[in-house]
Amino acid sequence: MPTSTQQRVLVSVSGPDTKGITATLTGIVADGGGILVDIEQVVLSAQLTLCLVISVPRAKSGPGTGVLKELLFATKELGLECDFKVLDEPTSPATLSPRRSFAVTVIGDIVDASCVHALTSCLATHNANIDEIRRLSEGELSSLEIVISTDSGDDGERLLQGALVQIARERDVDLAFQVEDLARYTKRLVVFDMDSTLIRIEVIDELARAHGVYDEVAAVTSTAMAGGMPYEESLKLRVHKLAGLPVAVVQKLVVDLPLTDGAEDLLRVLKALGFKTAVISGGFSLAADSLRARLGLDYAYSNVLEVKDGKLTGRVIEPIVGPQRKADLLDALAQREGIPLEQTIAIGDGANDLLMLEKAGLGIAFHAKAKLRDAADTSVSRGGIDRVLYLLGLHAGDVRAFLGR
């Protein structure tokens with residue numbers, strides 16, 4: 001450990017990345033009796049930036065002697081730039097204000113310089129320190145993660161989050177503001193809505209189309225999803241209009257449901273990482289059960305349509321999977337699997353998903369109506385549902401490699 005006879009020096013190295021740079025420089029520190037206090041390295045577009053904080057004897061802290069002299073010679077031979085800075089003594093932790101860390105994840109079709117400038121200026125205005133910026137996307141810059149720390153307290157954190165979210169809306173990007181702690185990296189259960197979330201359609205609307213009552217049912221669906229009618233009431237009203245529809249029509253529809261872009265990739269990655277997965281839907285069991293088998297979901301909960309003589313009766317068998325039951329089922333699943341609620345994720349698109357998203361540790365509004373988007377922890381408003389993986393801190397390159405692409 002550094003002592004009072006030691007002095008800390010920041011060694012900053014930059015230039016073209018080649019193999020063995022870090023090994024060479026840390027070897028010089030070790031052989032010269034220096035103490036490695038801290039290290040950070042990043043490679044961007046084949047250009048290396050390496051920072052070492054080392055402790056050396058005070059009498060030999062100048063860049064012309066000892067370890068620092070050897071580092072300077074070595075970096076010049078490697079074609080690198082090297083700079084030294086003597087650091088002040090570190091502040092005792094007891095004298096520091098308590099700070100909390102947050103991960104600010106930005107997702108868009110393009111995250112341009114103007115957007116990054118606006119967000120980072122906001123962070124500076126609110127006295128938040130940027131500890132790390134990490135690109136998550138490949139190709140065009142469409143997602144990045146900014147790890148920040150702040151000592152502004154609960155009220156200041158809420159103000160900061162609100163300001164960042166407002167900028168994100170103005171810049172047409174999505175933004176998540178998550179506490180940077182172990183719970184963020186140890187999510188273990190993901191539950192999905194089905195219609196317009198895991199699949200691109202509303203099943204009830206398609207059944208209504210086949211039965212010749214599409215306009216009537218679609219109008220009720222739109223009102224319900226926007227929060228203008230209690231879900232249970234709207235479901236009974238819509239199902240009543242399906243009375244007499246042959247169940248064979250339902251069975252034919254659910255054989256090949258149109259999956260949302262990225263759904264299969266997302267489920268493959270989640271299952272490989274050991275997540276439990278479920279669909280909790282206000283839709284119908286024939287569709288949810290088909291989806292469970294197709295995607296390898298662990299659980300499926302949905303409404304059961306009453307059938308008599310091979311036709312729908314126009315009634316739903318109780319209990320109805322509405323907003324409160326969705327939240328209760330999430331809670332029950334978490335308890336069954338022994339998973340704390342803070343380690344759960346819920347994803348949905350409509351007002352009937354609100355309570356479920358509020359119950360989960362992370363509630364994500366996917367291509368959602370305004371009411372849900374405003375209430376959710378975060379949203380994914382464009383692109384495929386596999387963009388949810390960015391919110392887990394996963395890099396697109398790692399996902400692509402796992403999927404073998």
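Residues to consider are V220, V249; find the one that is part of a helix (DSSP H, G or I) and under 23 Å from G350 (Cα atoms). First the steps, then the outcome.
Values: V249 fails: under 23 Å from G350 (Cα atoms).
Going through V220, V249 in turn, just one is part of a helix (DSSP H, G or I) and under 23 Å from G350 (Cα atoms): V220.
Of the residues L403, L391, which is in contact with a strand residue (DSSP E or B) (Cβ under 8 Å, 6 or more places away or on another chain) and either touching a residue at least 40 places away in the same chain (Cβ under 8 Å) or among the hydroxyl-bearing types (S, T, Y) (or both)?
Details: L403 fails: in contact with a strand residue (DSSP E or B) (Cβ under 8 Å, 6 or more places away or on another chain).
Matching residue, one of L403, L391: L391.
I need the full set of residues from the range 6-34 which are surrounded by 13 or more Cβ atoms within 10 Å (Cβ to Cβ), in a loop (DSSP other than H, G, I, E, B) and modelled with pLDDT under 95, in order please.
Within the range 6-34, G32, G34 qualify.
Taking the residues in the range 49-80 that are under 28 Å from K19 (Cα atoms) and loosely packed, with under 11 Cβ neighbours inside 10 Å as candidates, determine which candidate is modelled with the lowest pLDDT.
Checking each candidate, the answer is G64.
I'd like the full set of residues that are touching a Gly at 6+ places or on another chain (Cβ under 8 Å) and surrounded by fewer than 20 Cβ atoms within 10 Å (Cβ to Cβ), limited to the range 247-277.
Scanning the range 247-277 gives V247, A248, D261, G262, D265, K271.
Among the residues in the range 194-205, are any farther than 20 Å from I320 by Cβ and hydroxyl-bearing (S, T, Y)?
Checked against the condition, which is being farther than 20 Å from I320 by Cβ and hydroxyl-bearing (S, T, Y), the range 194-205 yields no hits at all.
Across the range 139-149, what is the number of residues that are surrounded by 14 or more Cβ atoms within 10 Å (Cβ to Cβ) and either charged (D, E, K, R) or in a loop (DSSP other than H, G, I, E, B) (or both)?
The number of residues fulfilling the criteria is 3.
Would you tally the residues in the range 150-166 being closer than 29 Å to T49 by Cα and surrounded by 15 or more Cβ atoms within 10 Å (Cβ to Cβ)? Let's see the steps before the verdict.
Going through the range 150-166, the residues closer than 29 Å to T49 by Cα turn out to be 150-151, 164.
Still in the running and surrounded by 15 or more Cβ atoms within 10 Å (Cβ to Cβ): 150, 164.
Number of matching residues: 2.
Can you name every residue in the range 140-160 that is over 15 Å from the mean Cα position of the chain (by Cα) and free of Cβ contacts under 8 Å to residues at least 40 places away in the same chain? First the steps, then the outcome.
Going through the range 140-160, the residues over 15 Å from the mean Cα position of the chain (by Cα) turn out to be 140-141, 148-160.
E140, L141, S152, G153, D154, D155, G156, R158, L159, L160 - these are the residues of the range 140-160 that are over 15 Å from the mean Cα position of the chain (by Cα) and free of Cβ contacts under 8 Å to residues at least 40 places away in the same chain.
Please state which one of V316, V380 is buried (at least 18 other Cβ atoms within 10 Å of the Cβ), under 12 Å from the mean Cα position of the chain (by Cα) and of a type in the set (A, V, I, L, M, F, W, C).
Numbers: V316 fails: under 12 Å from the mean Cα position of the chain (by Cα).
After ruling out the rest, the residue left standing is V380.
Just checking, which of G283, G274 is over 21 Å from the mean Cα position of the chain (by Cα) and either assigned to a loop (DSSP other than H, G, I, E, B) or of a type in the set (G, A, S) (or both)?
G283
In this structure, is A370 within 30 Å of D172 (Cβ to Cβ) and surrounded by fewer than 16 Cβ atoms within 10 Å (Cβ to Cβ)?
Criteria met by A370.
The values are calculated or read from the model by the stated rules, or taken from the named source; none is laboratory data. Since this is a predicted model, take the numbers as computed values, not measurements. Cβ coordinates were reconstructed from backbone atoms using ideal geometry, including for glycine residues, and neighbour counts include every protein chain displayed.
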